[in-house]
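Let me begin by presenting the structure, written as C-alpha cells, before commenting on it.
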C-alpha cells in the first residue's frame, strides 16, 4: 500500500516534470496569444523576435479546444516594438509616434494587419508603433526623433486615465538621460537569469494547466459560434471619467506643443459598445456614451480629436472588425480605422 | 537554506537522502556521520561563520555530559553549574547582549552618564534551539538518565537538520535511541509515505495559507509602525490574519521537519495539536509548541518548585516560567510582556479551576470558553508581533474602536482567507492522527489516504506549492 503510494507520487511528479521540460523546450502550444509569449520569452531574451504564432483569443481560453485560430506573424524590433515603418524611412518627414495599448500593438493580428502597418501603406511618413514597450520614452532615445504623436484612446484605458499615467511617468523621468542600450531587449549576457525565467514560466504553465483542467471539468469543449463569450464587459464607472481624460489630454497637448511636437487623439470604442446586442451584453448608458462624450469634450477643448465610432459601426455592417473571441480589433477593423483616419482631422499629422 | 526553496527541495535533500542510504549499505555509523556532515552544510548555508560555534557547542557539551554522568566524583554539581553558566552565557551573549546594552544606555541617558558602546552582535540562527536541547541533555546526564553515549549520535542529535533551525526542541531520549536502531538505516516505504503526506501538508500550510495571510498582517503592523491608526475592522482582521499566519507558518515548518525526518526513518515529536481548538489557556499551552512547553515545564517550572509549595508559589512559578519563555522568543520587551500576559492568563485559569473545579460544560459553555481563550491568545499575539509597545497599544486602540469604526473596507480576499483559515484550524484533522507520528496502527482514514489517486493529488498539491516558491519567505520562528 505504502510502496504503491510513494511510487505513484513520484511517478506523478515525473510526469509533471516531463510536461515542464516539454513546455520549456517547445512553449508555444501553452499560449493562446502572442503577447503572453512575448512577455515571458521574447522580451526576456529567451526567444527570437519574430514568431509565427497560433492565436485564438482571451475568452476562448475558457474552452478546451480553440476555434477559430489564426496563424499570425508577430515581429518586434530590437527595442521590442511591433514592426512598423520608421527605421526604413529614416529620412522621411513627418516622423510619427503612435502611443497606445495592446490594441495598437495588434494583439491577435499578424504584422501586415496591425494599425501601424495600415498607416504605413496609406502615408509615406516614418511611423513608429510605441505600444507595450517604451511609449513616450521613445522621445528620449538618442537615435529617434518625432514630429507628431498620435494617442490612441481605447474605451478601457482612456477611462482609466492611462494618458495621465504616461505623461506623469515621462515627465518624472524627463531629466534622466537614457542610453540606446537601455532600450534594447536583452540578448545573451543580460537576459533574465534562468531561475527567474523558470519561476515566471512555471507560473504561466500552472495557469494554463488549471484553465485546461477547469474547461475539461466543466465540459467546455468548443467556444461558441458568435462573440457571445467575451470575458467581462468593462464599465465606465466614474462620473468624472470624461473630465479627467480631457484635463489630461489638454495638459499633454500643451506639453508637447511647447516642444514643437503636434499631438492628436484617436478615440475608438470596444465591441461591447459597438454591437452589444449581438454579444448579449447589457451595457449601461454611461459606458455606451463614453466614447462620444469624451470625443465631444476633447474637441470642445480645442484638442485635435477623431471619434472612430461611426466609422467602425459602418465597417462592422459589412464584416467583423473585432476578433471573434477577444477584445482586440482584427486586421479588417484596423484597415477600416486607418481608412477613416485618412479622411479625418488627424490626417495632417501624417502628411 | 529554506525547506521551501528550490535548492533544498531539488538539490540538497535528494542528495542527502541518496548519500545517507548509500552510506548505510556500508555502515550505520558512516550513514549517521553523513547526516551530521550534511546538517553542518545545511547550517553553514545560512552562515559559515556560525558553524564553528555550533561544533564547539556540541563538542563541549558532550565532554561536559561525560563529566556529569554518575559516578562522576564529588565535583559533579560544580560541573553542572559550569555547564549551565557556559550555555546560558553563550545564549545571553549572542541573543541578549544588544538588548541589555540598549536598556542600560536608556538608563544611563536618564542619569546623564556615558553610554556603553553597542556590541552589534549577529545572532547565530537556531542558537536558542540547540542550546535548550543541550541543557536538557546535561541536566539528564547529571540526574543519571542518559543511556546513549555515542559521540556521532550526540552530534547528530544536536545538529540534525530538520529540527536545527526552528525546532521542535528535541529531547535526547526521543532521538538518540532511534539513531541506534538498525531499521532507521533501511528505506521503509510505509514511513516515507507518511513523511510525504506530512511534508506536503506543511509546505501547503506555509506557502498557500501562511504567506498570503502574512501580507495582510504585515500591512497592518507596518502601517501602524509608520504612524498609521487602524480603524476597528482593519485592526481586528489584521490581528486575526497574524494569529492564523503564525500558526500555519510555525506548524507548517514543524510538519515539514517531521515529514523530512521520516524520509530517514526518524520520528520527531508532534509539535502542534490543533491549538486553536483549545477551550482554556492551560489547554492551549498543551497544544501549542508542545516541545517548548514540555521543556519549560520540566527544566524550568518544575525546578522552580512547580506546584509543590502552595498556591502562591505555583502562580509565581508560572509567571516566572512564562516571562522567561517570552524572553526566550526574542530580546524585546514586547516578548516579555507577551509572556507576562500568558502567565497572568494561566494564573487566572488555574485560579478559576481551583475555585469552581473542573466542570463539563455544555455546548454553549464550551463555545464561550473557546471564544474567551481564542480572544485572549489573539490579544497577546498583538504584543508578540509588534515591533514595540507603542505599536501594540495603537493596535489595541484600533481594536477598541478608538480610531473609528469606518475606514477603507478590508478586501474580500482577506476576509475569505481568514474564514478559510479558521475553518481549517477548527474543523481540520490533526496530523498526529497519522501512524508513525504516534506509532499507532493505520486507521481507516489513513488506509484511504494511501491510494494512488491520493498520491497523484498530493503530487499536484506539491507542484502548486513549488509554483509558489518563486519568492521564498523565511519562517517566522527562525528569528527566535
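The values are calculated or read from the model by the stated rules, or taken from the named source; none is laboratory data. Note that the structure is predicted; figures quoted are calculated from it, not measured. Every residue, glycine as well, gets a Cβ built from its backbone with ideal geometry; the counts of neighbours run over all protein chains shown.
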message: I'd like to check something: does segment B:67-78 contain any residue that is under 30 Å from residue A:10 (Cα atoms) and either at pLDDT below 90 or part of a helix (DSSP H, G or I) (or both)?
response: no
message: Given the criteria in contact (Cβ under 8 Å) with a residue 40 or more places away in the chain, in a helix (DSSP H, G or I) and either within 14 Å of another protein chain (Cβ to nearest Cβ) or more than 20 Å from residue B:47 (Cβ to Cβ) (or both), does residue B:135 qualify?
response: yes
task: Among the candidates B:383, B:324, single out the residue that is buried (at least 17 other Cβ atoms within 10 Å of the Cβ) and within 30 Å of residue B:88 (Cα to Cα).
output: B:383
message: Condition first: under 14 Å from the mean Cα position of the chain (by Cα) and surrounded by 24 or more Cβ atoms within 10 Å (Cβ to Cβ). Now tell me which residues in segment B:257-271 satisfy that.
response: B:257, B:258, B:268, B:271
- request: Look at residue B:403 and say whether it is in a loop (DSSP other than H, G, I, E, B), surrounded by 18 or more Cβ atoms within 10 Å (Cβ to Cβ) and at pLDDT below 90.
  value: yes
Counted residues, segment A:225-246 - those being modelled with pLDDT under 85 and surrounded by 15 or more Cβ atoms within 10 Å (Cβ to Cβ): 10
field: Any hit, segment B:80-99, residues being surrounded by 17 or more Cβ atoms within 10 Å (Cβ to Cβ), more than 24 Å from residue B:123 (Cα to Cα) and out of contact with any strand residue (DSSP E or B) (no Cβ under 6 Å at 6 or more places or on another chain)
entry: yes
- prompt: How many residues, within segment A:185-197, are within 12 Å of another protein chain (Cβ to nearest Cβ) and touching a residue at least 12 places away in the same chain (Cβ under 8 Å)?
  reply: 1
query: Quick one: which of B:436, B:460 is within 14 Å of chain A (Cβ to nearest Cβ) and either in a helix (DSSP H, G or I) or at pLDDT 75 or above (or both)?
result: B:460
message: Can you say whether residue B:24 is out of contact with any helix residue (DSSP H, G or I) (no Cβ under 7 Å at 6 or more places or on another chain) and more than 30 Å from residue B:331 (Cβ to Cβ), as far as the supplied structure shows?
response: no
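Every residue, every condition in (1) at pLDDT below 85; (2) more than 14 Å from chain B (Cβ to nearest Cβ); (3) within 30 Å of residue B:7 (Cβ to Cβ), yes or no:
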| residue | (1), (2), (3) |
| --- | --- |
| A:137 | no, yes, no |
| A:149 | no, yes, no |
| A:157 | yes, yes, no |
| A:176 | yes, yes, no |
| A:183 | no, yes, no |
| A:199 | yes, no, yes |
| A:207 | no, no, yes |
- request: Grab the helices (runs of 4 or more DSSP H) fully contained in segment B:228-313, keeping just those with 3 or more residues being over 20 Å from residue B:371 (Cα atoms).
  value: B:232-263, B:290-296
message: Restricting to segment A:280-296, count the residues that are over 18 Å from residue A:156 (Cβ atoms) and at pLDDT 90 or above.
response: 1
